[in-house]
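A short write-up of the structure that comes next.
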Amino acid sequence: MKIVQMLPTISYGDAIGNDVLAIRDMLIKEGIETHIYAEGIDERLPKGTASYSNEYKDSEDTIILYHLSTGSALNKIVQGYKARLFVIYHNVTPPEFFRPYSAFYSRLCAQGLNQVNEMACSPELCIADSYLNKSDLISMGYKCPIEVVPILINFEDYKKKYNKNIVDKYNADGDVNILCTGRIAPNKKQEDVISAFYYYHKFINPKSRLFIVGSYNWQDTYCKKVKKYIEEIGTDGIYLTGHIPFEEILSYYKLADIFVCLSEHEGFCVPLVEAMFFDIPIIAYDSTAVGETLGGAGILLKDKDPKVVAEAINIVVTDEKLRETMKEKGRKRLKDFDNEAVKKQFMTILKKYI
């Protein structure tokens, strides 16, 4: 028996790409022959990490773990293989988030949702990384068994060397460091984080700064909107890092006093777990899988009016007892994502259905 993973694009450093690599390492450790196939392969990945999907040699004694998260011709192709099909569902971003900014990404997301619907009868098994994603599959008519397993997160990576110069630079003056991570995209709603910071910085605590750490493309209409908004409000202390080396990402987690997530669509939201690992109090907007992943480990807001978010930040920053309670809850919740426990859960499910 051979188990291969397949996906439209394997990217460097994103949540799905990291999940794919973690599953690969788990399968190898279990003595299972495995490989990764993708239509697109990020050139920053080590050579040999994956092969192009058209190089896959179909076989009945193979299981395909197919990562489903976007529109792609591969979504249809994979249904025609003789191999057994197990789908790992990461959710598809609704197209309406992209509609005002990008016709291409809006069509891609719409195509993805249509293809998820069309695949309902194809898999023998689905593995969803949240109960939200499971409920989405059920609502689209999936009748196969659907198991829920969190994304595999290699916490050992977070113990690697960080850039001490960045930490020293921003920790020396006593300013409050607010962190928001994730690629700049319409569903992530970075403009709402900026609005909340504007209010906090202007009316509550001018000794503060906001770091938005994540990749962006300034040719994208949404990214241009975010940049223009920052220029218009004229608030200093807002830093957009773009795509940076992993050791620098670790540095921003190291120096952060509080983590803010106001995203309106998440199938899981790995940055919340990362913030827990680094013992950072979390304020998040209650949408999609955010509350599920947070699991009571932070402040979950029903209202993300900038004043509400800013006052919540102030409460957490100034109330040491509350902050310590939030950190403790984060440590407790983090145990639910323990790497070895999730691997055991994943392998138990695979062996059951194999």
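Restricting the search to the range 19-67, which residues are buried (at least 19 other Cβ atoms within 10 Å of the Cβ) and among the charged types (D, E, K, R)?
Across the range 19-67, the qualifying residues are D19, R24.
Do the conditions hold for I204, that is, is it open to solvent by 20 Å² or more (accessible area, probe 1.4 Å) and in contact with an Asp or Glu (Cβ under 8 Å, 6 or more places away or on another chain)?
Criteria met by I204.
Taking into account only those residues within the range 211-225 that are open to solvent by less than 40 Å² (accessible area, probe 1.4 Å) and outside any loop (DSSP other than H, G, I, E, B), which is nearest to D168 (Cα to Cα)?
Here the answer is F211.
So is D175 in contact with a Lys or Arg (Cβ under 7 Å, 6 or more places away or on another chain) and either open to solvent by less than 10 Å² (accessible area, probe 1.4 Å) or over 26 Å from Y89 (Cβ atoms) (or both) or not?
Yes: the conditions hold for D175.
Kindly list, by first and then second residue, each pair from a residue in the range 236-255 that is on the phi < 0 side of the Ramachandran plot and open to solvent by less than 30 Å² (accessible area, probe 1.4 Å) to a residue that is small (G, A, S) and assigned to a helix (DSSP H, G or I), limited to pairs with Cβ atoms under 8 Å and residues at least 6 apart or on different chains.
Y253/A275
Residue by residue, here is whether (1) assigned to a loop (DSSP other than H, G, I, E, B); (2) farther than 25 Å from V309 by Cβ; (3) open to solvent by 50 Å² or more (accessible area, probe 1.4 Å) holds:
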{"residue": "G141", "(1), (2), (3)": "yes, yes, no"}
{"residue": "C144", "(1), (2), (3)": "yes, yes, no"}
{"residue": "E147", "(1), (2), (3)": "no, yes, no"}
{"residue": "L152", "(1), (2), (3)": "yes, yes, no"}
{"residue": "Y158", "(1), (2), (3)": "no, yes, no"}
{"residue": "K161", "(1), (2), (3)": "yes, yes, yes"}
{"residue": "K169", "(1), (2), (3)": "no, yes, yes"}
{"residue": "R183", "(1), (2), (3)": "yes, no, yes"}
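Rundown of residues vs (1) closer than 27 Å to E266 by Cβ; (2) over 21 Å from the mean Cα position of the chain (by Cα); (3) assigned to a strand (DSSP E or B), yes/no style:
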{"residue": "Q5", "(1), (2), (3)": "yes, no, yes"}
{"residue": "T9", "(1), (2), (3)": "yes, no, yes"}
{"residue": "I16", "(1), (2), (3)": "yes, no, no"}
{"residue": "R24", "(1), (2), (3)": "yes, no, no"}
{"residue": "E43", "(1), (2), (3)": "no, no, no"}
{"residue": "S59", "(1), (2), (3)": "no, yes, no"}
{"residue": "I77", "(1), (2), (3)": "no, yes, no"}
{"residue": "V87", "(1), (2), (3)": "yes, no, yes"}
{"residue": "N91", "(1), (2), (3)": "yes, no, no"}
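Hey, among the residues in the range 93-131 that are within 18 Å of Y353 (Cα to Cα) and surrounded by 20 or more Cβ atoms within 10 Å (Cβ to Cβ), which one's nearest to the chain's Cα centre (by Cα)?
Selected residue: D129.
Would you please list the contacts, defined by Cβ atoms under 7 Å and residues six or more apart or on different chains, that run from a residue in the range 160-173 that is over 15 Å from Y239 (Cα atoms) to a residue that is open to solvent by 80 Å² or more (accessible area, probe 1.4 Å) and part of a helix (DSSP H, G or I)?
These pairs meet every condition: Y162/K254.
Do we find that K202 is of a type in the set (D, E, K, R) and over 18 Å from the mean Cα position of the chain (by Cα) in this structure?
Against the criterion (of a type in the set (D, E, K, R) and over 18 Å from the mean Cα position of the chain (by Cα)), K202 qualifies.
Please count how many residues of the range 293-313 are farther than 12 Å from P281 by Cα and open to solvent by less than 60 Å² (accessible area, probe 1.4 Å).
Adding up the residues that qualify gives 8.
Being of a type in the set (S, T, Y) and at negative phi is the filter here, so list the residues in the range 261-314 that pass it.
S263, Y285, S287, T293
Find the residue count for the range 276-292, including only residues that are out of contact with any strand residue (DSSP E or B) (no Cβ under 9 Å at 6 or more places or on another chain) and either of a type in the set (A, V, I, L, M) or open to solvent by less than 10 Å² (accessible area, probe 1.4 Å) (or both).
The qualifying residues number 1.
The values are calculated or read from the model by the stated rules, or taken from the named source; none is laboratory data. The shown structure was predicted, so the numbers you read here are calculated from the model rather than taken from an experiment. Note: ideal-geometry Cβ built from the backbone for every residue, glycine included; neighbour counts use all protein chains shown. Note: areas computed on protein heavy atoms with side chains; ligands, DNA, RNA excluded. Shrake-Rupley method; radii C 1.70, N 1.55, O 1.52, S 1.80 Å.
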